[in-house]
Amino acid sequence: MPTRLTLKDHLFESRLIMQRAILLVVIGGVLCLILFSRLLYLQVVEHEHYTTLSEDNRVKLQAIPPNRGLIYDRNGILLAENLPSYRLEITPEQIDDMDATLDALSAIIEILPNDRTRFEQLVQRKPRFESIPLLFHLSDEEVARFSVNRHLFPGVDITAGLARHYPQGPLAVHALGYVGRIDEQALKDLDSSNYRGTTYIGKIGVEKTYEALLHGKVGLQQVETTAQGRVLRVLNRMAPESGHNLYLTLDSRVQRAAEAAFGTFSGSAIAIDPENGHVLAFVSLPTYDPNPFVNGIDHATYAALKGDDRQPLFNRALRGQYPPGSTIKPFMGLAGLELGVTNTHSSTYCPGYYTLPGNERKYRDWKRTGHGTVNLDIAITQSCDVYFYDLALSLGIDNIHDYLGHFGFGRATGIDILGELPGLLPSREWKRRRHNQPWFPGETIITGIGQGFFLVTPIQLATAAAALANGGHILQPNIVYAGQAANSSALIPYAPRLLENITINNQSHWDHVINAMINVVHGARGTARAIGADSPYRIAGKTGTAQVFGLKEEEKYVAAELDEKLRDHALFIAFAPAEKPKIAVAVVVEHGGGGGSVAAPIARKILDAYLLGSKP
Amino acid sequence: MNIAIGRHHEDASKRGWQYRLHLDAPLLFTLIGVCAYGLIVLYSAGGGSIEIVERQLVRLGVAFTGMFLVAQVPPRMLQRLTPWAFVIGVLFLLAVLIAGETSGGAQRWLDLYVVRFQPSEVMKLAVPMMVASFLSDTRLPPNRWQLLTAGVLIAVPMLMIAKQPDLGTALLIASSGFFVVFLAGLQWRLLAFFTVLTTAAMPVVWHFMHDYQRQRVITLLNPESDPLGSGYHIIQSKIAIGSGGLFGKGWLNGTQSQLDFLPERSTDFIFAVLGEEFGFLGILLLFAFYTIIVVRGMMIAVQAQDTYTRLLAGSLSMTFCVYFIVNTGMVTGLLPVVGLPLPMISYGGTSIVTLMASFGILMSIQTHRKLLAT
């Protein structure tokens, strides 16, 4: 190639490349400007927006559940506490093969099929970085076994938390109740923000009634988390406020004695301090252990409880409605005296039955041979039915309804445990409303001895007995004695609530009836004389027998011949010491037979436990 | 001739150490600056780990040594070696396709028993060298046959690399080849024709793309369509950059970066760390470094004494420009996610060595110029 040409080309090429190079640099510059405008858009114009997004990314709000308040009895004996408990939790995000992990885990710790199902359902619902509990309440051995193998299970962790525990087991479970895991239904009715992070909620009993107080206030913390949801540090913390501790009016010593006194019988007993309505014992038997309910009772145990003929889950003290039987007689007697229908001297002849004029139907006395001539004192002491048939007829159903209504029959007492039933104090109005029928005189007669439509709950009976003891003050029975705010030693007592003062026309009428009740226990022919003989204090009481099974007119009731389920309920009400009552009790023994022979001894043991402090 | 060369004349006394060591001071100091800046960002991106910085320092040591060694080779010798490097490179690429090791879903590595290396890295230099060498032997602007030949020289290695698949590197190689052709005076008509052709070829390219590559394009158009899947990278990096604002959240204080929200934060997405912690001003500083490098590279190109070195220097400088524009465009959500690191900042091995070698070539071109008396 000739040199001249090359040189000419060289110049040309140099200029060409120069032009093109400048062009490229300009294009590069333009591209950079586009990039800059993009950056300005992101970092200046949209800066606020992205700052918010970045904060949302990093900061998460975590709830700190408050510690649930403890529950003590009146003497400071722990009834409900929070125990550290170990839970096995899995963070799905860190698990490659969930099934394999669960299978491998179950080789170390038993995983029940329903635990697994529940867990798998939760996995579907919760975010993947959130750890989900698989097992609750690991035993120390299980914790140890897992810890040894921990390296095999990344993403599986043991966390410590607090779980509700009832150290006394089945004692007073119907009063105390229990907590359980919050279910979807409960969450709807709750202030869900306060329950963020809370596992348990009161299901029944005091745990439910005082849920708001026991639960406390949720705490919150802002935490900085990684993209995986791991918490790095706490940015801001608002401590939770622990729930109030509660002191119950229950005396667990008396409660234990009462429960033991029943033996194998089902039934209920309520002991009340007549001065303030404090419930000292709240018995409903059979009872059951609340602890399995806390973390979700397993199906078999629950089915067994539910299917038990003796109905341990049934709260007899509040919901058991029984005919009061003869225990109503002191109240009837008072009605007769105070309303001037009878007096302490007038007497009735008891041939062992009673008939209405112009009617063949015989209303039997429990004693076939009859009590002979009886006045009110004898009628109460020996529990003569005929006297009260006559009295009831003289009073009329309207007077009976009105006067007994003052004692709280036929309406819920309002005790601070939910689910109470009102019983039934029949009236003309009720009968018309309920059965669309007029009231018949025969119904008045049997109402006079606490049979017929008449139904009471043990808590009503005890409240009425307490009113007899304290001279006519109907106090709302209450189960919580005092509350105690967290971090405070001061007890805030709950004031007794007076529902009604029964007008007393003549104090001697009351004295007379109470005296008759003392004779029931301490008199030579009293129906409960068996418990009076060795009693170091004087007891006023009244036995009762509630018919479960309607006998035909001429049939003789022989307890032994009857199937236990058809046997009568045995009742007893009492208060002691008779002169200055400190405790009133009502005892209902289902299918117990006789009030004097079965119910009264149980009442005596309750009185002893409280008044003498004797240990069961 | 005097006019042409006299412009490049510099006083011998001014040349001094730069010429003895064959180093270019503006380029060298800017490179050191940007690498130091990169180490600072990398320390933060690595979660405050000094180990990652130490390993990167070792790599940089190797890379700077490589640059220094390459700078000693006179351009004339480079041109003589060019065809060999190109042929051997193509053979290696072939070997990779046949027997390469798979890493991260793509066959890129060739195990030579002594070192594992990516032949595609060699091609980043071999392709522009080859095309520049070929075109500098002809009269500029190139005619159609020469263009066709150049096109083949570019397309063969590019397609082989795209097949691995390594779109990022294929893109860089294509642009380095294109820049040579463009600088050599590619006619505007032809440029327009190729542009139309490329656009028309898009559906065909789409057809041959891997699923994950298609997904990246879809993601670019609408990252929120799959916020936890492929859109996650882009969404998080935009949050990081945007929340950095003008001044940034401060070194080691980027929450997106430090709390794992930003994926690939020490490699391809390190720009987002820089944007979050040092803000817009920090990015300006980085671009200042980059601009100096590109402008200095282009100055070297126009000051070069023959067509081969002019074309090569111009191409290498502009390829570097493409390099960081593509990465930053991708991290800011302007371009689809292609696997390209942020040059000299991202943590990574082979590419930094190649990159520094290309600067070695620039320095060699600058310092091996003949002194011509006026």
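Helix A:507-522 sits at what angle to the longest principal axis of chain A, using alpha carbons and giving 0 to 90 degrees rounded to 10? Between the helix axis and the principal axis of chain A, the angle is about 90 degrees.
Projected over all directions and averaged, the alpha-carbon convex hull of the protein assembly as shown occupies 57.3 nm².
Given segment A:85-163 reduced to its alpha-carbon atoms as identical point scatterers, what log10 I(q)/I(0) does the Debye formula return at q = 0.20 Å⁻¹? Debye curve over Cα of segment A:85-163, log10 I(q)/I(0) at q = 0.20 Å⁻¹: -0.86. Taking every C-alpha pair closer than 8 Å and separated by at least 6 residues, the mean separation divided by the residue count of segment A:303-394 gives a relative contact order of 27 percent. Reported to the nearest whole Å, the Cα centre-to-centre distance from segment B:125-147 to segment A:378-394 is 131. Computed about its Cα centre, the charge dipole of the protein assembly as shown is approximately 3220 debye, with only Lys, Arg, Asp and Glu carrying charge at their Cβ.
Give A:LYS542/A:LYS582; A:LYS306/A:LYS605; A:LYS203/A:LYS605; A:LYS329/A:LYS367; A:LYS208/A:LYS605; A:LYS367/A:LYS431 a once-over and call out the pairs whose C-alpha atoms are over 23 Å from each other. With Cα atoms farther than 23 Å apart: A:LYS306/A:LYS605; A:LYS203/A:LYS605; A:LYS208/A:LYS605; A:LYS367/A:LYS431. Mean partner shielding of peptide B:268-280, defined as the number of other chain Cβ atoms within 10 Å of each residue Cβ, is 1. Both radii are taken from the alpha-carbon atoms of segment B:18-367; with Rh as the Kirkwood radius, Rg/Rh is 0.96. To the nearest ten degrees, helix B:144-163 and the longest principal axis of the Cα atoms of chain B are 30 degrees apart. Annotation: the residues A:HIS278, A:HIS509, sorted from fewest to most other C-beta atoms within 10 Å of their own C-beta, follow the order A:HIS509, A:HIS278.
Once both labels are positioned 7 Å from their Cα atoms along Cα-to-Cβ, the gap between A:ARG150 and B:VAL152 label points is 6.8 nm. Note on chain B: dipole from Cβ charges, positive end direction compared against B:SER257, B:ILE40, B:ILE352; the farthest Cα belongs to B:ILE352. Only Cα pairs under 8 Å and 6+ residues apart enter the sum, and on that basis the relative contact order of segment B:18-367 stands at 28 percent. The sum of -39500 (n - 2.57) across all DSSP H runs of n ≥ 4, divided by the residue count of chain A, sets its helix-only mean residue ellipticity at 222 nm to -11000 deg cm²/dmol. Using only alpha carbon pairs under 8 Å that are at least six residues apart, calculate the relative contact order of chain A and give it in whole percent. Relative contact order, chain A: 14 percent. Using only Cα atoms and rounding to the nearest 10 degrees, what angle (0 to 90) does helix A:3-40 make with the longest principal axis of chain A? Helix A:3-40 sits at roughly 20 degrees to that axis.
Placing unit charges on the Cβ atoms only, positive for Lys and Arg and negative for Asp and Glu, gives segment A:85-163 a dipole magnitude near 240 debye about its Cα centre.
Bear in mind that the values in this text are calculations on the coordinates, not laboratory data. Remember, it's a predicted structure, so these values are computed and weren't measured experimentally. Note: ideal-geometry Cβ built from the backbone for every residue, glycine included; neighbour counts use all protein chains shown.
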